[in-house]
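The block underneath contains the structure these notes are about, expressed in structure tokens.
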Amino acid sequence: MQIQQKIVPLRLILLIGSTRSREVGSPQAYNVKLFFTMYVIVDIQGQQFKVTQDQKLFVHRINAEEGSEVEFPNVMLIDNGGAITIGTPTVDGAKVIVEILSHVKGDKVLVFKKKRRKGYRKLNGHRQQFSEVIVKQIIA
């Protein structure tokens with residue numbers, strides 16, 4: 001049995017498995033299953049992120065130790081398989097629990113200032129500090 005997997009926009013994943021040997025274009029030749037993934041939009045330190053379960057992301061540095069869990073109660077939107085809940089401004093009782101994997105620094109950004117014909121040149125560098133987190137649980 002041959003299985004094909006196609007990803008359709010955002011939250012809809014369509015798995016098509018061939019059940020019989022018929023023409024490829026024939027709708028009777030496919031067994032169609034639909035799966036919806038849950039996602040939320042959460043505010044983490046002033047930035048909004050669209051997150052799903054077990055997703056890794058980089059956020060501005062969180063003042064906590066590596067391996068510790070942190071809760072973020074500012075959930076603004078929940079999409080649970082097409083059932084959308086919008087908060088005013090946040091959804092009551094909803095929160096996202098993340099685990100801090102590591103603290104890292106971003107790429108170096110160089111800031112160069114110059115005024116022509118005056119001999120004025122300044123070079124400053126900056127590396128933003130981030131925390132790599134994984135979404136452990138979404139409570140909606």
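Quick notes on this one:
- Filtering region 91-106 to residues that are in contact (Cβ under 8 Å) with a residue 24 or more places away in the chain and not in a strand (DSSP E or B) leaves Val91, Gly93, Ala94.
- Some residue of region 111-121 being under 19 Å from Tyr39 (Cα atoms) and among the aliphatic types (A, V, I, L, M): no
- Residue list for region 47-74, restricted to those being of a type in the set (Asp, Glu) and free of Cβ contacts under 8 Å to residues at least 24 places away in the same chain: none
- Counted residues, region 44-86 - those being of a type in the set (D, E, K, R), in a strand (DSSP E or B) and under 12 Å from the mean Cα position of the chain (by Cα): 2
Every number in this text was worked out from the coordinates using simple rules, so none of it is lab data. What you see is a predicted model, and the numbers here were worked out from it, not measured in a lab. No Cβ is skipped: glycine too gets one built from the backbone with ideal geometry, and neighbour counts run over all protein chains shown.
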